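What follows is a set of notes on a single structure, which appears directly below.
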Amino acid sequence: MSQAITREALKTLLDTGKDVVLVEVIGPNTYREYHLPGAIRIPVDEAFEREIRRAVPDTGTLVVVYCLNHACQASPKAARILDQLGYENVYDYEAGKQDWRAAGLAIETGAADG
């Protein structure tokens, strides 16, 4: 069952160098504008299930999904799908990337995703 993760907990997780896959689940323009460091982009659409299985084949992998902010429902939807697919370590950063940037934390720009 997926769980919420706070900005502080996510930053700590990333700072410790733990093996975590960050997944931004919204569109390409928003991703290009800025995204969390090292995040991949897999939008919640008809290809999400196929793409997440390709990008994260091990269902035991720690996966953190996020979108824009609390109002955005893409990351809760992605977390539910991951739960249904049998992923065991799923976290939803519900505050999203606006919260991350507002805190002055590092971001990346550009279309570095596959």
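The numbers here are math on the coordinates, done by the rules we state, and not lab data. Since this is a predicted model, take the numbers as computed values, not measurements. Note that each Cβ is placed from the backbone with ideal geometry, even for glycine, and that neighbours are counted across all protein chains shown.
When only alpha carbons of region 3-102 are considered, Rg and Dmax amount to 12.2, 34 Å. Label-to-label distance for ASN69 and GLN98 is 0.2 nm, based on points extended 7 Å past Cα in the beta-carbon direction. When each of the peptides 67-78, 8-19 is scored by the mean number of other C-beta atoms lying within 10 Å of its residues, the order from highest to lowest reads 67-78, 8-19.
Residue separation of THR6 and ARG50 scaled by 0.36 nm, minus their Cα-Cα distance, works out to 13.1 nm of gained length. Rounded to two decimals, the Cα-based Rg/Rh of region 1-59, with Kirkwood Rh, is 0.97. Modelled spin labels at THR61 and GLN84, positioned 7 Å past Cα toward Cβ, are 2.0 nm from each other. Note on the chain: antiparallel DSSP beta bridges, both residues inside, total approximately 5 percent of the bridges counted. Gain on full extension, evaluated as 0.36 nm per residue between LYS18 and LYS77 minus their Cα-Cα distance, stands at 18.8 nm.
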